[in-house]
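Q: Starting off with a structure, shown below.
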Amino acid sequence: MPARARRAQAAREVRPKWPDQDQRVLAVFIDEAEIMVKAGDGGDGAISFRREKFVPLGGPDGGDGGDGGSVFCVADTSYNTLRHLVGKHHWKAGRGGNGMGSKCHGANGNDLLIALPPGTIIRDMEHDTILKDLTTPNETVCLAQGGRGGKGNMNFATPTHQAPRRAIPGGKGQMRHLKLELKLIADVGLLGMPNAGKSTLISHLSSARPKIADYPFTTLEPVLGIVELTGERRFVMADIPGLIEGAHRGVGLGDEFLKHVERTSLLVHIVDVLPPVGTAAENFHKINEELRQYSAQLGKKPQIIVANKLDLTGAAEAVKVFEREIGKRVHRISAATGQGLRELTETLWKKLHRKSR
C-alpha cells in the first residue's frame, strides 16, 4: 500500500466519531419537555351465542372487553433531568382486549409508567392547568385514565328478551398534551456573577465536579451536590450559571435556570470582593435587582452573603469596604484554599434547621 494511502487509513481510524443528533441532545441539561400521553382504549364487548350439541337454546354468552391501560408517572430520584424523554414525544398505554364467546373477558391493557425527576411540574397544555407538582420521591400520579371495557351481550338477556344482539364498545382512553417543567429541589441555592467562585465552592463542599475555568459562563447547566457535615448531617446545594444585568429579560444564561432556586429554602450570594468589572457592592445590588425583577417571592428569599477570594492581595480591605457600602456583615471565605468553609457550612445547617422547625 502506498505511503499516502496508509496515512489516510490511519487518519480515518483515529479520527473521533461525531455523535449523532440525539446523542448531542442528550449531553445537554433538559429541564422542559412536551409530550403526548394516550391511555389505552377499552376492548369491545362481544356478541355471541352458546352453540353446543344437544343445547338448542344456549342463550347469549358474549363476554366483556378488557379495560384499557392507564398512563402513570412516578417521581424517581435516580433522575435529575428530563433528558431521557428526548426523542420520544408520544407515550401510549396498552389497549384492552375484546370480549369473546363463552363469556370470556378480554385482557386488560398494560399500564405505562413514566419516570420523572422530583420537582417536575406537570401542566395540561389544552386547559393551561397544573395537574401535579411532583415534590415527593416515589409519588405516583395518573396522567391519563384508560377506557373502560365494553359490555358483551350476556349482560342484556332478560326473561322477555332472551337473544339480545346488543353489545357496548369499549370506552376511549384519555389523551393529554402535557408540558413538563423541572425545578430542581435543593436546600441551598448559590447565586452570583459569573466567575464569582460558585463552582469552586460546591466542588470543595460536595462530590459535585462542575467545570471550573477562568472565563465567564463556565457553568452552563445547574449542578447539584450533597454537602456532608459531621454527625451524619447533610443538605443539598445547587449551583446555577452566573447572572448578569438583564438576566430576567433573557440576557446571559441565568434566566433559564433561576426557576431552579425558587424551591430552595436558603440562598447563598457569592460575591467576588475584587471583581474585574465594577465593584463588589454594585454587583451585589445588580444580582438582587435581577431576583426581584424575575420573581417577587425570589427577591424576598433569605440570603447568606459570602465574600469570596479572601486569598487575594487586598481582599481583606475590600471586604471592609463592601460591608460598609451594603450595611451588612458578610461571611469571609476563600473557596480556592478552603478558608472559612467549615464555618459557612455550619451556619447554613443552623439556618436550615431553624427554618424547618
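Q: Amide H to amide H, which residues 5 or more places from L143 or on other chains are under 5 Å from it, using H placed in the peptide plane?
A: The answer is V71, F72, C73.
Q: Another question, then. Collect residues whose amide H, placed 1.01 Å from N in the peptide plane, falls under 5 Å from the amide H of L131; neighbours closer than 5 in sequence don't count.
A: I122, R123, D124
Q: Note down the net charge around R176, summing +1 for each Lys or Arg and -1 for each Asp or Glu among other residues with Cβ under 13 Å from its Cβ.
A: Summing Lys/Arg as +1 and Asp/Glu as -1 gives +2.
Q: Hey, could you get me the Stokes-Einstein D for the stretch 28-182, Kirkwood radius over alpha-carbon pairs, 20 °C and 1.002 mPa s, rounded to whole µm² s⁻¹?
A: D, rounded to a whole number, is 125 µm²/s.
Q: Tell me the label-point distance for the pair T279, V236, using the 7 Å Cα-to-Cβ offset, in nm and rounded to one decimal.
A: 3.9 nm
Q: Residues with amide H under 5 Å of I304's amide H, sequence separation 5 or more or different chain, H placed in the peptide plane at 1.01 Å from N; which?
A: Sorted by chain and number, the residues that satisfy this are L267, V268, H269.
Q: Related question: Residue-wise, which Karplus ³J(HN,Hα) couplings in Hz belong to the stretch 116-132, taking 6.51 cos²θ - 1.76 cosθ + 1.60, θ = phi - 60°, and x for glycine or proline?
A: So the Karplus estimates, Gly and Pro as x, are 10, x, x, x, 7, 9, 9, 10, 7, 5, 5, 9, 6, 10, 8, 7, 6 Hz.
Q: Report the gain in length on full extension from S102 to R166: 0.36 nm times residue separation, minus Cα-Cα distance, nm rounded to one decimal.
A: Taking S102 through R166 to full extension adds about 21.5 nm, to one decimal.
Q: What distance in nm lies between label points placed 7 Å from Cα along the C-beta direction at T337 and A115?
A: Reported label-point gap for T337 and A115 is 4.5 nm.
Every number in this text was worked out from the coordinates using simple rules, so none of it is lab data. As the structure is a computational prediction, the values presented were derived from the model and not from experiment. Heads up, the Cβs are rebuilt from the backbone with ideal geometry, glycines too, and the neighbour counts pull from every protein chain shown.
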